[in-house]
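Working notes, structure below.
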Amino acid sequence: MIKIDEFEPINIEALVKQVFPDAVKIPLNRSGFADYVVDAPFVSGGFEQIERKQVHEILSDMNGVEYQITREISKTVHTILLIEG
């Protein structure tokens with residue numbers, strides 16, 4: 001199962017649901033997690049997370065992005081940064 005943050009775009013949710021029909025939208029970011037959390041029982045900790053950023057978000061606020069990623073990394077063993085653009 002994959003969980004999607006409540007503020008992620010609807011079109012991305014539709015794409016994710018093509019592969020994971022049971023995907024659900026929940027307030028992940030408010031709980032300190034990345035944009036997507038995937039149940040992965042084969043990983044220590046039981047899940048992986050993915051933070052999605054666009055290039056302009058990173059370039060306009062590198063310190064903020066670094067702070068966010070650092071905070072999210074503490075929640076799980078594996079965190080992936082997906083950069084668009």
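Numbers for the structure displayed
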{"item": "Distant-in-sequence amide H partners of residue 20 (H built 1.01 Å from N, under 5 Å)", "result": "none"}
{"item": "In nm, spacing of pseudo-spin labels at residue 1 and residue 18 (7 Å Cα→C-beta vector)", "result": "2.4 nm"}
{"item": "For the chain, share of DSSP beta bridges that run antiparallel, in % to the nearest 5", "result": "40 percent"}
{"item": "³J(HN,Hα) computed for each position of segment 68-85 - Karplus, 6.51 cos²θ - 1.76 cosθ + 1.60, integer Hz, glycine/proline x", "result": "4, 4, 4, 5, 5, 4, 5, 7, 7, 6, 10, 10, 10, 9, 9, 9, 9, x"}
{"item": "Extension reserve of the residue 43-residue 29 stretch, reckoned as 0.36 nm per residue once the Cα distance is removed", "result": "2.9 nm"}
{"item": "The chain: C-alpha gyration tensor shape, a/c 1.5 cut-off, then a/b vs b/c", "result": "oblate"}
{"item": "Local electrostatic count at residue 71 - Lys and Arg +1, Asp and Glu -1, tallied over other residues with Cβ under 15 Å", "result": "-3"}
{"item": "Per-residue [θ]222 nm for the chain (sum of -39500 (n - 2.57) over DSSP H runs n ≥ 4, rounded to 500)", "result": "-9500 deg cm²/dmol"}
{"item": "Ordering of 65-75, 33-43, 12-22 by packing [mean C-beta count within 10 Å, highest first]", "result": "33-43, 65-75, 12-22"}
{"item": "Normalised contact order of the chain, rounded percent, pairs of Cα under 8 Å and 6 or more residues apart", "result": "27 percent"}
{"item": "Total lysine pairs whose alpha carbons fall under 15 Å of each other in the chain (8 or more apart, or interchain)", "result": "4"}
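Read-outs: derived from the displayed coordinates by stated rules, not from any lab. Computed from a predicted model, the values in this text were never measured in an experiment. Neighbour counts are summed over all protein chains in view; Cβ atoms, including those assigned to glycine, are modelled from backbone coordinates with ideal geometry.
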